[in-house]
Structure formats: structure tokens, C-alpha cells
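So the structure is just underneath, and the comments pick up after that.
The values are calculated or read from the model by the stated rules, or taken from the named source; none is laboratory data. If you're wondering where the values come from, they're calculated on a predicted model, not measured in any experiment. Every residue, glycine among them, receives a Cβ derived from its backbone with ideal geometry; neighbour counts consider all protein chains shown.
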Amino acid sequence: MSEAVQKLLAMDTWAIVGLSNDQTRAAYGVAKFLQDKGKRIVPVHPSAPVVHGEQGYTTLTEIPFEIDVVDCFVRSLLIGPVVDDAIRAGAKGIWMQLGVIERAAGRRAADAGLIVVMDRCPKIDWPGYGPP
């Protein structure tokens, strides 16, 4: 496991971009997994739903408390503005989910001091849960 993955998995407050109450979406299950592991999850979705008992917000910059990790369930083409919002919101890290690859946005985040993980899933990377 990389040092970046280890550092992000140790952080407590995870804003989940793209999280809704659609139980068929990967974001729903990953958010519940993180919550079950003691993480505070914060749904970020245009409709700002309450998910897994946590109030949602329409954007990262509307969240009125500190965010540690921004976990991105959006297409690669849409990740740039999410990264920019994560930087503005003062996040410590950005986690781009499986299949989300945008190197320029990743460099921008890293240049701003964020820890960056790309094309991975915290549920898979969690010690004892994913592939060896």
C-alpha cells in the first residue's frame, strides 16, 4: 500500500462527491463502508440529500466544517472543477475512484499541497478487505 493511500485512509472526514441515495451506485456502498469504519461521511451532490444519516451539501465549498479527504465519484472529464473546489475548501487530500484519471487535475491538487490518490478505491485498499 502506498504512503498516500495510508495517509488518506487514516483521515477522519470524507466528503463523497457524487453520493446520493441510489443504492445501485458504488458511492453508496463505499460511503457506508467508510462510515462503518468510523469515518464521518459528507454527501456532496446537486440535490444535497441526506445519505446514511448525514446531511448533504450541493458543493464542497458549502460544507461548514473541515474536510480531510474528497472522494470523487465523477467522470474523469468532470474532475477538474471538483479538484479546484477541494483546494478552495481546504481539503487535505483528494481520492479519485477507480477509472477516474485526470493527471493535470492531480498535479494541480499536489501542487496545492493535497495528497492525491488516483484510480483506486478505499474499500479495496482498506487493510484486510481488498486484494493482497
Please tell me if D84 is in a helix (DSSP H, G or I) and not small (G, A, S). yes
Among the numbered criteria (1) at pLDDT below 95; (2) more than 14 Å from the chain's Cα centre (by Cα), which single criterion is violated by D111? (1)
Starting from segment 15-26, take each residue that is at positive phi and part of a loop (DSSP other than H, G, I, E, B) and list its partners that are β-branched (V, I, T) and surrounded by fewer than 24 Cβ atoms within 10 Å (Cβ to Cβ), counting only C-beta distances under 9 angstrom and pairs at least six apart or across chains. G18/V74
Only one of G93, G106 is touching a strand residue (DSSP E or B) at 6+ places or on another chain (Cβ under 9 Å), over 18 Å from L34 (Cα atoms) and in contact (Cβ under 8 Å) with a residue 12 or more places away in the chain; which? G106
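Residue by residue, here is whether (1) of a type outside the set (D, E); (2) surrounded by fewer than 19 Cβ atoms within 10 Å (Cβ to Cβ) holds:
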| position | (1), (2) |
| --- | --- |
| H45 | yes, no |
| A48 | yes, yes |
| T61 | yes, yes |
| F65 | yes, yes |
| D71 | no, no |
| S76 | yes, yes |
| P81 | yes, yes |
| D84 | no, yes |
